[in-house]
Amino acid sequence: MLLIRCPYCEEERPELEFRHAGEAHVVRSSDMAEISDEAFEQFFFIRSNPKGIVFERWRHLHGCARFFNAARDTVSDRFLATYKAGEPKPDVSKFAADAGPAAYANVPPAELNDREGGAKQ
Amino acid sequence: MPTQIDVSNTSPRRTSSAKQNVPADPSHKGQDKALRRTGPLDGRIAVPGGLSLTVLPPASRLSLRAPAGSVADLSAALGMDLPRSPKTSASDGKGRFALWLGPDEWLVVDEAGGDLVAACRAVQALHSAVDISHRNVGLLVSGQGAANAVNAGCPQDLSLQAFPVGACSRTVLGKIEMVLYRPSADSFRIECWRSFADYAHAFLAEAIADASA
Ligand SMILES: [Zn+2]
């Protein structure tokens, strides 16, 4: 069984207590009526669906019942980090060594080889 | 057949008599026959091997939600310090206990049937206190190896290191949700919703038979 760390319960808990809740960090416009159709489509329908690291909302439904965020590798199904709702995205490069080549699928092509965040090769 | 309702009493069920009011007494004693409270699992027992499964008597229960700033006032009103750490509980030693369910959520139980909503009524600090006494059914699995029986349907680590005496958690039992509380090393209190009580009892009766075997 997959163990998922709940940032509110502060420990690893069995996956049966959790529920997936879609992509994280999708920002809702403060003025929904004014945004263009294209911008609304982006917000409402378009999800990143990468092969590699995704940022997702999860809910500890049968535990503390709180929503939180997780960085997960869609190739290995491994949870790389979980953090409380409202906290910023963790730095993806932090997980690179753990996540293998697939982790870089989430990075813009120009930065693909920029492992150390330094000059491009 | 203890759940049978006495139909010989032909008097109207509701009268203005104070005697007809549902008493605060959580036990079944002293109630008018026509208004006798019937629990969903009345009369059931299951005691195979060294483990026992007990249907606990009715109790007062409160679903309490409050921000951190209200906890001190609510603690004073309820007569015990509400737990602030995950998976911990507090007890007043007189049958009233509070279980941490989430960062701002507690399940408060009073086995003596005290009015928990009334206890919180005077608190001015922001909070939500909802009486859920009748929503839950309490079951007790006790005896050596009780953790094994509960683990038949609960995926959490119930070793004493991970789930010590006094620990509590909302979690799952087979296909249902429950609140689990460990009042002693060899006993677990299971709180589940009333409509799931039949399933919980059947599941645990089988589990203690397996764990005792
Ligand atoms: Zn949690």
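Overview of results
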read-out	value
The stretch B:52-212, dipole about Cα centre (Lys/Arg Cβ +1, Asp/Glu Cβ -1), debye to the nearest 20	160 debye
For A:38, A:23, order by how many other beta-carbon atoms lie within 10 Å, fewest first	A:38, A:23
Net charge dipole size for the stretch B:68-131 [Lys, Arg +1 and Asp, Glu -1 on Cβ; Debye, nearest 20]	140 debye
Cβ-based exposure ranking for A:1, B:80, B:178, A:32, in which fewest neighbours within 10 Å come first	A:1, A:32, B:80, B:178
Ranking of A:58, B:193 by count of other Cβ atoms within 10 Å, fewest first	B:193, A:58
Inter-label distance for residue A:76 and residue B:37, nm, one decimal - labels placed 7 Å from Cα along Cα-to-Cβ	5.4 nm
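Since every read-out is calculated from the coordinates, none of them should be taken as a lab result. Just so it is clear, the structure is predicted and the values come from calculations on it, not from any experiment. Quick reminder, even Gly has a Cβ in these numbers, built from the backbone with ideal geometry, and neighbours come from all protein chains shown.
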